[in-house]
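Data first, discussion second: the structure below is written as structure tokens.
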Amino acid sequence: MLIAVEGIDGSGKTTIVRFLVEELRKRGYDVVAFKEPTDSEYGKRIRQILKERKVSPEEELELFIKDREFNVRNNILPALKGGKVVIMDRYYYSTIAYQGALGLDVERIKMLNEQFPKPDLVVILDVSPETALKRIKAKRRPDRFEDVEYLRKVREIFLSLKNNVVVVDAERDIEEVKRDVLKVVIEHLGESFNKDAKL
Ligand code: TYD
């Protein structure tokens, strides 16, 4: 089972992923979480370029794909083969939304990501760019990805994605968001467990 948690910066992804891992472990699931961009050499380059804004959108796209190839080969596939529940803090939906919002063709980005394992469930934490920026500013200075107009485009693309996607209202108190996300995930896991039980 592969689950991706997506959303714009400041939507609460990292808190939700940590919470999910804990709750699923308590319930006896063998679960592991990975994050993109990763800590690979590609991930490190990505973090650098996100600060400097010196490369073209196309080069940026290439780096995210390379980083994902690395993550799929070294982390995601081995964990899935080991029967684990894998939770992603960002996955290729982020590339579609963020690099799409830079003006690259969304259909082409989708195609380039077809080589990667498809998630069984994608949870999109949906929040307005205004709320997201308020949350970010309470903690640190926003970086180049984080201005209202850009995040508005990113959000729009996220909300246009359809396959296996559940949108959760993340404008609310984090405890309410946690409860909803957990419910969605447990229902999904339950379904696949029941399917197995019938065999
Ligand atoms: P983020 O998860 O916010 O990292 P951190 O917790 O270190 O702040 O990701 C960093 C940025 O990378 C974020 O603004 C979204 C962007 N991003 C893309 O543009 N494309 C992608 O494919 C991915 C995975 C992330």
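Modelled spin labels at residue 73 and residue 114, positioned 7 Å past Cα toward Cβ, are 2.2 nm from each other.
Each Lys and Arg Cβ is given +1 and each Asp and Glu Cβ -1; about its Cα centre, the chain then shows a dipole of about 520 debye.
Overall, the anisotropy analysis places segment 2-188 in the oblate class: the square-rooted eigenvalues a ≥ b ≥ c of its C-alpha gyration tensor yield a/c not less than 1.5, with a/b not exceeding b/c. FRET efficiency for the residue 176 to residue 144 pair, using the beta carbon distance and R₀ = 30 Å, is estimated at 0.45.
Shape of segment 93-153 from the C-alpha gyration tensor: prolate (a/c of 1.5 or more and a/b above b/c, with a ≥ b ≥ c the square roots of its eigenvalues).
Legend: calculated FRET efficiency, residue 137 to residue 55, from the Cβ-Cβ distance at R0 = 22 Å, rounded to 0.05, equals 0.25.
Just so you know, all these numbers are worked out from the coordinates, no wet-lab data involved. These numbers were taken from a predicted model, which means no experiment stands behind them. With ideal geometry, Cβ positions are generated from the backbone for all residues, glycine too; neighbour counts draw on all protein chains shown.
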